[in-house]
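The values are calculated or read from the model by the stated rules, or taken from the named source; none is laboratory data. These numbers come from a predicted model, not from an experiment. In this analysis, Cβ positions are derived from the backbone assuming ideal geometry, glycine residues included, and neighbour counts consider all displayed protein chains. The accessibility values were calculated without ligands, DNA or RNA, using every heavy atom of the protein model including side chains. Shrake-Rupley method; radii C 1.70, N 1.55, O 1.52, S 1.80 Å.
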Amino acid sequence: MAIQLFDSLSRTLKPLKASQPDGVIRFYNCGPTVYAAAHIGNFRTFVVNDVIRRLLELEFGAAKVKHVRNLTDVDDKTIRRSQEEGRSLADVTKQWTEKFWADCKALNCLSPHEEPRAADPKYLKAQVNMIDVLLEKGNAYRSADGSVYFKVNSFPEYGALSRVKERDLQLGSALAGKPQTADADEKEDGSDFALWKAWKAEDGPNKWPGPHGASEGRPGWHIECSAMSKAILGETIDLHTGGVDLLFPHHENEIAQSQCCNGTTFANHWYHSEHLLVDGKKMSKSLGNLYTLDQLTAMGHSPMALRYALLMGHPRKQLNFTLDSLHAAESALKTLREYRATLPETTTGAHEVFGHVLTSLNDDLNTPAALGALFTIVNRKGGEADRASFDRVMFALGLDLKVEAPKAAVPAEITALAEKRWAAKQAKDFATADTLRKELTAAGWAMLDRKDGYSLEKAKS
RNA sequence: GGCGCGGUAGCCAAGUGGUAAGGCCGAGGUCUGCAAAACCUCUAUGCGCCGGUUCAAUUCCGGCCCGCGCCUCCA
């Protein structure tokens, strides 16, 4: 079964296919802003996109997939962070880019083939060039302060993706109390958006030569994706993805810029993954319900458990994350590990045994159905499966069964108690052994006996 | 106010016009000095509420209640 995904623009399920004669699937995934550690909600999107990447490779072959994910390393947040910390922008964004890569690796995400940076001189130039074209064509205008804005009413199709039409007339209660953005006065129309932002004192040393007739400054957020996807993948891409919150205005604006500039369809397929919720609400610093991967591993959870937990819900439905779901994921991974050990090494070509798992994934990325189908087979315990076919499914899901929860360091006093108990047990002094076990349990440690020795595990927080 | 999504067992979560996948937890059992692991068995007459269509609805239609997200730079 060919991969089909929901397309946000047509609102239908559509098969993914290459539009160019070379047969390469051009896949662009909106990446992170590198000013802090990405949280697990961000990683839901990146894990989901990683599964898409893997499914594409399985269907079309690794050589026929070109996966691009940008790094936003120049914007309000990155600049503000660098100014606050008195460090260069490059220094700050390098730090968080490397952290992002490390987290992605821990979550077993394949690296995109290219990860263009918005502040890369090569791509800054591409962005400026694109803005120049938009100015020439009359889709953009300069404001008094030397910024450049996109003229939304110059693009009649604006709003097709988000279906937000005549928004200005519909601004209701939810927006009424919000302050106007600082640059509102510079715009001809409230729905216009910045392509180029003129330098301000608070930007510090961060400024670059702008488009014709504009001041020194920096690119607006949306233009980077339009310019970099064009530079690397060409004017028309086959799949463009991101979190739902990017649907408007980010992706709507990308369409407007790219199509006005290039005169061609920007993306043939749009896919958006839903939010991860924590405690029933979207994660936010103000609610204090924001988790990072580091926080979870510090609690003794493995990154793979997080990956599994993120796949437990349908990617196009909000998923409420809880620490309990992490425990469930760990238990499920353990079962899979044990199941794999029972499988014969030889390949019998039994891929069809797991056919339903792949079919579920290919059918709009139904990860929960796929996991359900997987465990139905695991529970059968029949001998029809083999490791090669099982590993193929693990590849598709990106589950690396070799990764286990990090072992907590055992304090010396715990080791001492365990040694005493082991000695008592060997001497068949079970009363003493049981007392010591209770002490260990009270201290939060479980002592697991084997024939020839023991191991210690810390209770999960 | 506009746009969109969702409400299925203790928790998470698929799904179908013909009577509810799967995971976690829990219970019982086998095994075992104890504990753990492993293995076996069990766990929704029910799918937010009220109507309607139908031989038959959790699944289609209408209304209602509740929750969540987006509405100019949040994945």
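If I model a spin label as a point 7 Å beyond the Cα along the Cα-Cβ vector, how far apart are those points for A:Thr376 and A:Lys137 in nm?
It works out to 4.9 nm between the two label points.
Over the range A:352-461, with the other protein chains present, what is the accessible area per residue in square angstrom, probe 1.4 angstrom?
Solvent-accessible surface per residue comes out at 53 Å².
Please list log₁₀ I(q)/I(0) at q = 0.11, 0.13, 0.24, 0.28 Å⁻¹ for the range A:204-274, using the Debye equation with identical point scatterers on the alpha-carbon positions.
For the requested q values the scattering log ratios are -0.32, -0.43, -1.08, -1.28.
Would you report the distance distribution of C-alpha pairs in chain A as whole percents per 20 angstrom bin, up to the bin with the largest distance?
Percent of Cα pairs in each bin: 21, 48, 23, 7, 0.
Between the range A:53-96 and the range A:210-267, what is the separation of their alpha carbon centroids in Å?
Using only Cα atoms, the two centres lie 16 Å from each other.
What FRET efficiency do you get for A:Phe430 and A:Asp245 if R0 is 51 Å and r is their Cβ-Cβ distance, rounded to the nearest 0.05?
Result of the calculation: an efficiency of 0.30.
Between A:Glu115 and A:Glu84, what's the calculated FRET efficiency when r is the beta-carbon distance and R0 is 35 Å? Round to 0.05.
On the way: r = 25 Å, r/R0 = 0.73.
Given R0 = 35 Å and the Cβ-Cβ separation, E is 0.85.
At 0.36 nm per residue, minus the direct Cα-Cα distance, what do A:Asn320 and A:Asp91 gain on full extension? Give it in nm, one decimal, please.
79.0 nm
What accessible area, in Å² to the nearest ten, does a 1.4 Å probe give for A:Cys109?
20 Å²
Determine how large the accessible area of A:Arg450 is when every protein chain is in place; take a 1.4 Å probe and give Å² rounded to the nearest 10.
Taking all protein chains as shown, A:Arg450 has close to 120 Å².
In nm, what is the difference between 0.36 nm times the number of residues separating A:Lys285 and A:Thr342 and their Cα-Cα distance?
Length gained, A:Lys285 through A:Thr342: 16.0 nm.
Where the eigenvalues come from the Cα gyration tensor of the range A:412-458, what are the semi-axes √(5λ) of the equivalent ellipsoid, largest first, in whole Å?
Its equivalent ellipsoid spans semi-axes of 15, 12, 9 Å.
What distance in nm separates the two pseudo spin-label positions at A:Glu202 and A:Gln20, each 7 Å out from Cα along the beta-carbon direction?
Placing both labels 7 Å beyond Cα along the Cβ direction yields 4.1 nm.
Around A:Val47, what is the net charge, scoring Lys/Arg as +1 and Asp/Glu as -1 over all other residues with Cβ under 11 Å from its Cβ?
Taking every Cβ under 11 Å from that of A:Val47, the sum is +2.
Please arrange A:Thr78, A:Thr342 by accessible surface area, largest first, computed with a 1.4 Å probe and ligands excluded.
A:Thr342, A:Thr78
For chain A, what % of the accessible area comes from carbon and sulfur atoms, probe 1.4 Å?
Using a 1.4 Å probe with all protein chains present, chain A comes out at 53 percent carbon and sulfur.
Residue separation times 0.36 nm, minus the C-alpha to C-alpha distance between A:Thr441 and A:Arg392: what's the value?
Gain in length upon complete extension: 13.6 nm.
Rolling a 1.4 angstrom probe over the protein chains, ignoring ligands and nucleic acids, what is the accessible area of A:Phe100 in square angstrom, nearest 10?
10 Å²
What is the spin-label model distance, in nm, from A:Asp449 to A:Val410 if the labels are put 7 Å beyond Cα along the C-beta direction?
1.6 nm
Under the Cβ-under-4.7 Å rule, which cysteines of chain A stay unpaired?
A:Cys30, A:Cys225, A:Cys260, A:Cys261
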